[in-house]
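Here's the structure we're looking at; comments come further down.
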Amino acid sequence: MIIKNAKIYGDSLQDIEIKEGKITNIGSNLQGEEILDAKGMTLLPSFVDLCVSLKNDKFSLANLELLENECLKGGISSIVLRDCMDFDEESFALFLQNLAQRKMQIFSSVRVKDANGKLKNLATLLNKGACALELDSSLDANTLKVSSQYAFMKDSPIFVRCYDKDFDDNGVMNDCEMSFELGLIGMSKIAETSQIAKMKELAKFYKNKVIFDLLSLKDSLVLLDEKDLKLVSIHHLIKDDSACEDFNTAAKLMPPLRSKEDVLALREALKEGKISFLTSLHSAKSISLKDLAFDEAAFGIHSVCEFISLC
């Protein structure tokens, strides 16, 4: 196939030759049997998203098929699928075999504890093909220590979620003037920032490769160095907590949408190259879980299809 007249860099038009799904040549006046005219269009590489979840955080082949189709339609070819499955070691191996047969690359990270609060067999899961560990900063010290040691031993990255829910009384949105006006319990900044310093020191001590997961605050970036890897959702660069006005459950995210000041600071950090990765934070929920009172509605947003256009 020849894609003709596509914009690749700037305003110059180029032709692209594709054979067996790979780009083999870029130039002018390329010829072939099958030609697609891309005049007026820009050719982009496919995107990678490091934080994608299955619909309703439930595993099924139908949900996996739906997610795959939505990603490919949206121009995303590789994702890290976050752990909601709670598989044992044998089931996880079968799950990875299924992922290997998909049209796109789907990597799976694993939470360090199962649904019963028991530490998983991390060495086995990593050996079988888990791409990373998911670690909550609020876990007990022994779990943090053991997980960090396994990650170092297996040379595995860790997605670190810096949040301690004990600072909040079941908060549902950012602690701000809007939450006060709506009569909703807020989620304070300290629940995130207090954990940043702790996890930074932990990563330094155990020599781990850490991605600080889903940061949402200006102060969180201040506490980290430029060399620290930071993952931020696209929504926290676009929307602030005023999006929750009129009890809009579509804006109920985790972490919550923050203040205008935080949004502007995150945008500036992105321009300065201080943010390492952007994510769609795709965590689709059924309408039956969203069309509820704000307190009861689920956290999450359907966003993988719009990710590239938002970027």
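Scanning segment 240-274 for residues that are crowded, with 18+ Cβ neighbours inside 10 Å, farther than 17 Å from Ser188 by Cα and not hydrophobic (A, V, I, L, M, F, W, C) yields a single hit, Thr249. Taking segment 84-134 as the range and being surrounded by fewer than 20 Cβ atoms within 10 Å (Cβ to Cβ), modelled with pLDDT of 95 or more, touching a Leu at 6+ places or on another chain (Cβ under 7 Å) and farther than 25 Å from Asn69 by Cα as the test, the residues that pass are Lys113, Lys128. Residue count for segment 5-45 satisfying the condition of being within 22 Å of Gly74 (Cα to Cα), assigned to a strand (DSSP E or B) and among the charged types (D, E, K, R): 3. Taking segment 14-26 as the range and being under 22 Å from Ile308 (Cα atoms) and exposed (fewer than 14 other Cβ atoms within 10 Å of the Cβ) as the test, the residues that pass are Gly21, Lys22, Ile23.
What are the residues in segment 32-53 that are without any contact (Cβ under 8 Å) to a residue 40 or more places away in the chain and under 18 Å from the mean Cα position of the chain (by Cα), if any? Break it down into steps so the answer makes sense when it comes.
Let us first name the residues in segment 32-53 that are without any contact (Cβ under 8 Å) to a residue 40 or more places away in the chain, namely 32-42, 45-46, 48.
The answer is Ser46, Val48.
Taking Gly186 as the residue in question, decide whether it is out of contact with any helix residue (DSSP H, G or I) (no Cβ under 6 Å at 6 or more places or on another chain), in the same structural domain as Ser53 (by TED's automatic domain parsing) and not acidic (Asp, Glu). Against the criterion (out of contact with any helix residue (DSSP H, G or I) (no Cβ under 6 Å at 6 or more places or on another chain), in the same structural domain as Ser53 (by TED's automatic domain parsing) and not acidic (Asp, Glu)), Gly186 does not qualify.
Looking at Asn5, Asn29, just one residue is touching a residue at least 12 places away in the same chain (Cβ under 8 Å) and exposed (fewer than 10 other Cβ atoms within 10 Å of the Cβ), and that residue is Asn29. Residues in segment 45-56 that are more than 12 Å from Phe107 (Cβ to Cβ) and surrounded by fewer than 18 Cβ atoms within 10 Å (Cβ to Cβ) were compared, and the one that is modelled with the highest pLDDT is Asn56.
The values are calculated or read from the model by the stated rules, or taken from the named source; none is laboratory data. Remember, it's a predicted structure, so these values are computed and weren't measured experimentally. Heads up, the Cβs are rebuilt from the backbone with ideal geometry, glycines too, and the neighbour counts pull from every protein chain shown.
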